[in-house]
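K.L.:
Structure in structure tokens, see below.
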Amino acid sequence: MAEKKYFVLQQGGEDTEHIFSGKQPRQAALKAARRGFKDIQLRERGTKKVHLFSGSVSVVSAPANKPDWLPDKIKKPSVKKEGIKRLK
């Protein structure tokens, strides 16, 4: 079973205070996109990899079998991997 990894969001080549977790970088990128980030650069903690994504979010109708607490409109993120950058 894969372990949870932590990814630090970078902006302008510098780390920010935003940290996202997930088993895969895409899972963390989806979390970042849902919070409104477009140009997503996630540095994987403990490695020298920076995963590059472009993200967007759209507002869609909730599914018909939604729980009562879920609103009628929800945010649906989407990301596309642009590549991996290696730090020196």
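Every residue, every condition in (1) crowded, with 21+ Cβ neighbours inside 10 Å; (2) among the β-branched types (Val, Ile, Thr); (3) in contact (Cβ under 8 Å) with a residue 24 or more places away in the chain, yes or no:
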{"site": "Glu3", "(1), (2), (3)": "no, no, no"}
{"site": "Tyr6", "(1), (2), (3)": "no, no, yes"}
{"site": "Gln10", "(1), (2), (3)": "no, no, yes"}
{"site": "Asp15", "(1), (2), (3)": "no, no, yes"}
{"site": "His18", "(1), (2), (3)": "no, no, no"}
{"site": "Ser21", "(1), (2), (3)": "no, no, no"}
{"site": "Ala29", "(1), (2), (3)": "yes, no, yes"}
{"site": "Gln41", "(1), (2), (3)": "yes, no, yes"}
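K.L.:
Separate question: Which is more than 22 Å from Ala2 (Cα to Cα) and part of a strand (DSSP E or B), of Pro77, Pro67?
P.N.:
Only one candidate passes the filter, namely Pro77.
K.L.:
So in segment 30-58, with the set limited to residues that are part of a strand (DSSP E or B) and among the small types (Gly, Ala, Ser), which one is farthest from the chain's Cα centre (by Cα)?
P.N.:
The extreme case among them is Ser58.
K.L.:
Among the candidates Leu87, Leu52, single out the residue that is in contact with a strand residue (DSSP E or B) (Cβ under 7 Å, 6 or more places away or on another chain) and loosely packed, with under 13 Cβ neighbours inside 10 Å.
P.N.:
Result of the check over Leu87, Leu52: Leu87.
K.L.:
Still on this structure: Give Pro71, Pro63 a once-over and let me know the one that is in contact with a Leu (Cβ under 9 Å, 6 or more places away or on another chain) and loosely packed, with under 13 Cβ neighbours inside 10 Å.
P.N.:
None of the other options fit; the residue is Pro63.
K.L.:
Of all the residues that make up segment 3-29, how many are within 11 Å of the chain's Cα centre (by Cα) and in a loop (DSSP other than H, G, I, E, B)?
P.N.:
Here the count works out to 1.
Read the figures in this text as sums done on the coordinates, not as results from a lab. Keep in mind that this is a model prediction, so the values were computed, not measured. Please note: Cβ atoms are built from the backbone with ideal geometry, for glycine as well, and neighbour counts cover all protein chains shown.
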